[in-house]
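Student: Supplied in structure tokens, the structure appears directly below.
Read the figures in this text as sums done on the coordinates, not as results from a lab. Note that the structure is predicted; figures quoted are calculated from it, not measured. Neighbour counts are summed over all protein chains in view; Cβ atoms, including those assigned to glycine, are modelled from backbone coordinates with ideal geometry.
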Amino acid sequence: MTNHRRTTSDNNGDVDALELLHAEHVRLLEMFGKLSDARTRHRRGVEKKLATAACEALTQHSRIEAEIFYPALRAASNIDDLLDDARIEHQTLDELVVELSHTDARNADYRNKVHALGMYVAHHIREEEAKLFPRARASGIDLIELARKIARRNAELEK
């Protein structure tokens with residue numbers, strides 16, 4: 001995964017939207033890494049708790065991107081192809097989360113679904129950060145203000 005630091009400094013030290021989303025990506029990857037470790041160690045009780053937390057975090061992150069980040073990019077730039085791909089990837093992730101929530105943790109398919117979800121999350125994050133983030137940075141949108149909107153929406157969803 002690439003590191004997307006601000007190219008321009010902000011006097012207030014505010015985090016921009018890409019930094020904020022990157023931090024969420026790192027958090028999700030860490031959660032799925034812990035989940036994979038629990039899977040490897042055959043710790044089903046821990047695995048179920050971690051999977052539930054990871055799915056909740058992923059669902060919230062997906063929602064933020066779909067409600068705020070993608071529409072802002074769609075309005076500011078001509079990258080509809082990348083945004084359409086990202087939207088479809090999010091739909092697939094959401095479907096996997098729902099499917100996982102309806103699968104008993106004792107079922108062998110549960111572990112396979114968790115693994116597939118983790119792999120798909122990692123793929124989506126790589127694609128987004130490698131292709132979409134640079135285009136977002138070049139689009140000219142106010143990434144600081146966008147980060148504020150994302151932070152406010154995250155706070156609302158966490159209540």
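Student: The list [x] 25, 17, 15; [y] 30, 16, 14; [z] 37, 17, 14 gives values of semi-axes √(5λ) of the Cα gyration tensor in Å, and only one came from this structure; which label was calculated from it?
Tutor: The calculated read-out lines up with [y].
Student: Can you list the DSSP H helices in the chain whose Cα atoms extend at least 27 Å along the helix axis and whose mean Kyte-Doolittle hydropathy is -0.5 or higher?
Tutor: Span-like helices, by this rule, are 17-40, 44-64, 80-101.
Student: Follow-up question, since we're still on this one. Run the reach check for K113 against aspartates and glutamates, Cα to Cα strictly under 17 Å, same-chain hits fewer than 8 apart removed. What comes back?
Tutor: Counting by Cα, and skipping residues close in sequence, K113 has these aspartates and glutamates nearby: D37, E47, E56, E89, D94, E95, E99, D104.
Student: How high is the FRET efficiency from R74 to K159, r the C-beta distance, R0 30 Å, rounded to 0.05?
Tutor: 0.65
Student: Rounded to the nearest 500 deg cm²/dmol, what is the calculated helix-only ellipticity per residue at 222 nm for the chain, with -39500 (n - 2.57) per DSSP H run of length n ≥ 4?
Tutor: Rounded to the nearest 500, it is -24500 deg cm²/dmol.
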